[in-house]
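Participant: Below you'll find the structure I mean.
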Amino acid sequence: MEQRDKYISGICTPAIGEAGKTGDWSDLKPVIDHSKCIPETKGKAACFLCWLYCPDGVVTMSIPVEIDLDYCKGCGICAEECPPNAIRMVRKVECDE
Ligand code: SF4
Ligand code: SF4
């Protein structure tokens with residue numbers, strides 16, 4: 001199985017499970033405002049709390065920070081933990097209401 005991030009110590013590794021890719025059944029997805037993201041505003045490796053707390057290991061510790069939406073389950077922990085509120089959760093599909 002491909003190792004997606006060499007820095008992850010590995011509680012889990014994103015992989016296709018019985019229910020398919022987790023990103024296929026999530027309702028919400030995280031969107032990063034890169035103008036607020038600390039590593040990008042500082043121009044150096046810093047923060048990365050989204051990477052640290054993501055339970056699925058789908059956030060990269062890179063500049064820019066990237067999220068693999070194929071495996072993001074939309075839990076919103078990254079958005080909760082982001083100090084400058086650079087991540088917001090948005091609906092993947094707008095309902096007709
Ligand atoms: S937690 Fe927020 S500010 Fe920190 S690296 Fe992630 S997106 Fe950027
Ligand atoms: S919403 Fe959850 S699974 Fe998706 S990147 Fe954020 S912490 Fe990880």
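The values are calculated or read from the model by the stated rules, or taken from the named source; none is laboratory data. If you're wondering where the values come from, they're calculated on a predicted model, not measured in any experiment. Don't worry about glycine lacking a Cβ; one is built from the backbone with ideal geometry, like all the others, and counts go over all protein chains shown. We work out accessible area using only protein heavy atoms, side chains counted, and drop any ligands, DNA or RNA first. Shrake-Rupley method; radii C 1.70, N 1.55, O 1.52, S 1.80 Å.
Participant: Are any residues in the stretch 22-48 basic (Lys, Arg) and in contact (Cβ under 8 Å) with a residue 24 or more places away in the chain, and if so, which ones?
Facilitator: Lys29, Lys36
Participant: Additional query: Consider the stretch 71-90. How many of its residues are within 13 Å of ligand 2 (Cβ to nearest atom), open to solvent by 50 Å² or more (accessible area, probe 1.4 Å) and over 10 Å from the mean Cα position of the chain (by Cα)?
Facilitator: Residues that pass the stated criteria total 4.
Participant: Find all pairs meeting these conditions: Cβ atoms under 7 angstrom apart; at least six residues apart or on different chains; first residue within the stretch 80-97 and part of a loop (DSSP other than H, G, I, E, B) and at pLDDT below 95; second residue open to solvent by less than 100 Å² (accessible area, probe 1.4 Å) and not acidic (Asp, Glu).
Facilitator: Close Cβ pairs satisfying both conditions: Lys92/Ser26; Lys92/Leu28; Lys92/Lys29.
Participant: Would the stretch 45-67 turn up any residue that is in contact with a His (Cβ under 9 Å, 6 or more places away or on another chain) and near ligand 1 (Cβ under 8 Å from one of its atoms)?
Facilitator: Yes, some residue in the stretch 45-67 is in contact with a His (Cβ under 9 Å, 6 or more places away or on another chain) and near ligand 1 (Cβ under 8 Å from one of its atoms).
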